[in-house]
Amino acid sequence: MIRFEDVSVTYDGAAQPAVQGVDFEVPEGELVLLVGPSGVGKSTVLGAVSGLVPHFTGGTLRGRVTVAGRDTRTHKPRELADVVGTVGQDPLSHFVTDTVEDELAYGMESLGIAPEVMRRRVEETLDLLGLAELRNRLLATLSGGQQQRVAIGSVLTPHPRVLVLDEPTSALDPAAAEEVLAVLQRLVHDLGTTVLLAEHRLERVIQYADQVALLPAPGAPPVLGTPAEVMAVSPVYPPVVGLGRLADWTPLPLTVRDARRRAGDLRERLAGREPARGATPVTGSLPNPRPSTSRWRVRKQTATSTRVQAATPTPVQTAEVRVLTVRRAHAEALHHIDLTITPGETIALMGRNGAGKSTLLNTLVGLVTPTSGSVRVGGLTPHRTAPRDLVRRAGLVPQEPRDLLYADTVAAECTAADADAGAAPGTCRALVSELLPGVTDGIHPRDLSEGQRLALALAIVLTARPPLLLLDEPTRGLDYAAKSRLVTILRALAAEGHAIVLATHDVELAAELAHRVVLLADGEVIADGPTAEVVVASPSFAPQTTKILAPQQWLTVSEVREALA
């Protein structure tokens with residue numbers, strides 16, 4: 001169905017190809033998973049299937065890509081639209097209408113499908129993806145995860161023969177991700193749809209793949225094989241595979257069920273041992289900051305954040321939320337929230353899409369005004385405080401990293417970030433190098449992958465070392481290695497007394513990093529406690545290691561490795 005024949009893609013001005021030597025076939029009616037570290041060219045490979053590369057992105061494509069017999073060099077994206085449905089990493093850039101129902105119907109209207117067929121397919125897709133209650137909602141008012149489901153639904157309604165998906169579950173909560181993947185599996189098994197999918201959260205998708213295509217490094221040819229074969233050599237792999245490697249299980253398990261069947265001996269070896277959990281949060285303040293004579297510099301204000309930083313950081317202050325209620329469009333986004341954030345504490349905000357996680361973060365930085373209740377950050381009321389004063393207490397990394405990026409090169413972004421923060425020259429660049437090894441100074445931020453742009457935005461905000469750091473889906477688009485580097489940086493900040501709050505669907509990140517988990521549902525706190533207690537008791541939010549080794553309470557592969565050592 002999809003055939004790559006010695007394909008290479010070189011973008012204008014690039015010193016080397018984004019991908020080269022791509023030569024494999026995706027058979028009809030199979031789900032092929034494309035994996036590899038951030039920045040190896042997965043999005044480029046996917047874009048070549050729909051014709052977006054090079055017809056829309058520019059650059060030079062050598063070799064040949066055919067889809068259902070159509071050559072993408074001679075067929076533009078509109079001439080492939082009846083065969084290929086594409087969902088990119090950014091759902092907002094995908095939308096062309098205003099409401100959920102209109103968006104689901106738009107693709108079918110463009111293809112001239114009969115109205116009665118359109119109506120039936122819209123209803124089927126609303127039910128399949130759990131969107132029925134949102135049918136009349138404005139797309140701009142949906143959460144990131146809800147927008148992701150609408151974007152997926154909009155390409156399902158025309159019933160394409162090929163689906164190309166780039167990080168389809170990155171913004172979804174675990175339950176919603178399972179629903180979407182179940183739909184994809186049904187399309188593959190029952191309707192013979194061909195699916196090519198790139199995803200960093202392999203723990204969610206590896207068991208559904210018929211084949212895996214690994215891009216091991218930039219410019220390296222792909223390695224194709226069964227999931228077990230590729231996971232044995234892949235530099236990126238889910239926790240279940242990591243535990244299998246640690247325990248020398250052959251063949252490697254790909255599901256929790258398979259791993260549990262083999263875990264008896266491992267449980268016996270771990271019996272009587274206790275996990276080495278992270279250090280207790282500190283209660284002091286940050287070390288005295290470096291003296292600076294820099295003045296305030298205001299870079300840019302956006303709808304979601306301001307890049308305004310103080311020359312002299314303020315000592316960490318406790319943030320307190322008391323009986324907070326936020327009402328939007330006659331519905332309560334948050335209801336009677338009580339939350340205390342202490343210095344050195346890392347909190348994971350979790351819950352299904354639309355539970356109110358992003359709203360709570362935005363309230364802490366004054367972007368949302370409480371309907372009732374109180375919010376105090378470092379002794380200030382956020383929505384009544386000037387941004388240049390508030391950012392001395394808190395920094396927010398939003399879901400959309402482009403809101404913080406406007407310079408022409410990575411180097412220019414870093415230079416501006418150092419100046420805004422009153423930091424030593426090179427501070428931001430060092431953080432970028434730590435999070436994203438190999439990214440050059442001259443590359444334009446728009447030429448980075450979604451995960452790379454997010455890492456750059458993280459580095460920009462971290463440059464100022466804000467006492468309260470708020471991150472909204474910080475691992476979206478990050479591979480396991482980049483996530484590990486992020487965890488190391490955030491742990492170091494917490495050890496120095498910074499308070500960190502993460503809104504995340506990444507249960508593995510919460511298990512690795514958070515001291516405490518706060519579960520939200522319909523705008524209310526339904527659980528608040530130590531990470532081990534909350535996630536172990538939740539089937540939806542328990543990490544893979546916990547599920548495999550239950551009833552023992554291990555959270556991560558690294559905990560098991562340390563105990564065995």
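Miscellaneous remarks
- Anisotropy class of segment 1-84 from Cα gyration tensor, a/c 1.5 cut: oblate
- D (Stokes-Einstein, µm²/s), Kirkwood Cα radius, segment 150-230, 0.692 mPa s at 37 °C: 241 µm²/s
- Sequence-distant aspartates and glutamates (8 or more away, or on other chains) whose Cα lies within less than 15 Å of LYS483: GLU199, GLU203, GLU434, GLU450, ASP472, GLU473, ASP506, GLU508, GLU512
- Between segment 82-111 and segment 205-271, the alpha-carbon center distance in angstrom: 35 Å
- Restricting the chymotrypsin sites (Phe, Trp or Tyr not before Pro) of segment 1-97 to loop positions (DSSP other than H, G, I, E, B) with no more than 12 neighbouring Cβ atoms within 10 Å leaves PHE56.
- Size of charge dipole - the chain - debye, nearest 20, with Cβ of Lys, Arg +1 and Asp, Glu -1, no other charges: 1400 debye
- Reciprocal of mean inverse Cα separation for segment 320-364 (Kirkwood radius, Å): 11.4 Å
- Shape call, segment 1-41: gyration tensor on alpha carbons, a/c limit 1.5: oblate
- The value for the chain of Rg(Cα) / (2.2 N^0.38 Å) is 0.96.
- Annotation for segment 502-530 versus segment 391-409: alpha-carbon center distance of 23 Å.
- Normalised Debye scattering of segment 1-152 at q = 0.08, 0.12, 0.16 Å⁻¹ gives log10 I(q)/I(0) of -0.28, -0.61, -0.99, counting only Cα atoms as equal scatterers and leaving out solvent.
- For segment 6-45, backbone nitrogen atoms closer than 18 Å to the point 7 Å from ASP408 Cα along Cα-to-C-beta are found at 12-15.
- A simple spin-label model places pseudo-atoms 7 Å from Cα toward Cβ; at LEU92 and GLU434 they are separated by 2.8 nm.
- Cα gyration tensor category, rounded, prolate or oblate, for segment 88-211 with a/c compared to 1.5: oblate
- Solvent-accessible area, 1.4 Å probe, carbon plus sulfur percent, for the chain: 49 percent
- Spatial separation of Cα centroids for segment 427-460 and segment 51-65, in angstrom: 25 Å
- Every helix of 4 or more DSSP H residues in the chain counts as -39500 (n - 2.57), and over all residues that averages to -9500 deg cm²/dmol at 222 nm.
- Accessible area per residue for the chain, computed on protein heavy atoms with a 1.4 Å probe, is 40 Å².
- One decimal place: the segment ALA565-GLU533 gains 9.0 nm when fully extended, by the rule 0.36 nm per residue minus the C-alpha distance.
- Taken over the C-alpha atoms, segment 436-501 has Rg and Dmax values of 12.2, 35 angstrom.
- Spread of Cα-to-Cα distances over 10 Å intervals beginning at zero, given as percent, for segment 471-565: 15, 47, 34, 4, 0
- Debye intensity ratio I(q)/I(0), log10, segment 326-439, q values 0.14 Å⁻¹ (C-alpha model): -0.76
- Pairs of Cα atoms farther than 19 Å apart, segment 89-143, %: 27 percent
The values are calculated or read from the model by the stated rules, or taken from the named source; none is laboratory data. Treat the numbers as computed from the prediction; the structure is a model and nothing was measured. FYI the Cβ positions are ideal-geometry reconstructions off the backbone, even for glycines, and counts take in every protein chain you see. The protein model used for the area step is the full one, side chains on, heavy atoms only, and it has no ligands, DNA or RNA in it. Shrake-Rupley method; radii C 1.70, N 1.55, O 1.52, S 1.80 Å.
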